[in-house]
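Each remark here refers to the structure printed beneath this line.
Since every read-out is calculated from the coordinates, none of them should be taken as a lab result. Everything numeric here is computed off the predicted structure, so don't read it as measured data. Here the Cβ positions follow ideal geometry from the backbone for every residue, glycine too, while neighbour counts run over all protein chains shown.
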Amino acid sequence: MNPSGSHPLTFFDFFDFIWKLTPVGRQFKKDCDFVHSVAEEIIDKRKETLDKTADETDRKYLDGTGRGLTKLEIRNEVDTFLFEGHDTTASAISWVLYSLAENTECQRKCQAEIDDVLEGRESDDLEWSDLAKLEYLTMCIKEGMRLHSPVPVVSRDTENVFDLGDRVAPKGTKIQLNIFALNHMENLWGPDHMEFKPERFSKENIDNIKHFQYVPFSAGPRNCIGQNFAMNEEKVVLTKLLRNFTFRLDPNHKVKRVMSAVMRTKDGMYMFVEKREFLNK
């Protein structure tokens, strides 16, 4: 299907210069122009603020070569924050809720921790300082991303000859890292790797996780620029949901994973949602 979902792609649609002349191609360009205008407006406002407040000797906005990013490079990063993260974060939140609904004791521990943090508040809104207090919820989020891998595969192109030990990858080789497989290697995670165990990420056990063993946001210079934002977003959304509701799985519906750019389900994820009456809301 084409981006608008209106009709199947034809052979000629695979040639950009032809596709751009079609109605859907023109609409796609119009949509992209709008999206880019939103990002550029954000960039211009931020630049205006920096120009008014930054000291001329302040070089923290320059890269390692002493120059700043071009407007296109900045826009690409802004696009990542605004658009590319919503699908992966939604997947992560859904799968964490699935595991919490499946493991009721873990869900109760999360709710108890949230209730403790918000005790005596007139509002359920989190403050910035609250995020670090949600230690058990953070463990559950990390374990949910390990177990279900919201981004199951990442790709990289080698810029130089890459020595893999028993073979050599030439420059320009496309290499894929199967994060889902990495997260379920028995020699790394044990025979219970298919079980939801948040304690893997407790303070006592976190040092046992080897470097590059757990890379839900990829790793290295091309890792996810929005990973801290995504983690905080997941904490805020899950806190709001678990503070107000309890989740149970539908026993008559089997959830099946579907590997794609983002981990999905074959036939949806059905849950029963019950309001936590003790809150008197």
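All conditions in (1) assigned to a loop (DSSP other than H, G, I, E, B); (2) surrounded by 10 or more Cβ atoms within 10 Å (Cβ to Cβ); (3) not hydroxyl-bearing (Ser, Thr, Tyr) hold for Ile141, with the sole exception of (1). For segment 261-272, a residue qualifies if it is out of contact with any Leu (no Cβ under 9 Å at 6 or more places or on another chain), exposed (fewer than 14 other Cβ atoms within 10 Å of the Cβ) and touching a residue at least 12 places away in the same chain (Cβ under 8 Å), and the qualifying residues are Ala261, Asp267, Gly268. Whether a residue is more than 28 Å from Lys266 (Cα to Cα), among the aliphatic types (A, V, I, L, M) and out of contact with any Phe, Trp or Tyr (no Cβ under 7 Å at 6 or more places or on another chain) was assessed, and Leu131 passes this test. Against the list (1) within 29 Å of Ala132 (Cβ to Cβ); (2) exposed (fewer than 15 other Cβ atoms within 10 Å of the Cβ); (3) in contact with a helix residue (DSSP H, G or I) (Cβ under 8 Å, 6 or more places away or on another chain); (4) in contact (Cβ under 8 Å) with a residue 60 or more places away in the chain, the condition Lys240 fails is (3).
From the list Phe180, Phe201, the lone residue that is in contact (Cβ under 8 Å) with a residue 60 or more places away in the chain and in contact with a His (Cβ under 9 Å, 6 or more places away or on another chain) is Phe180.
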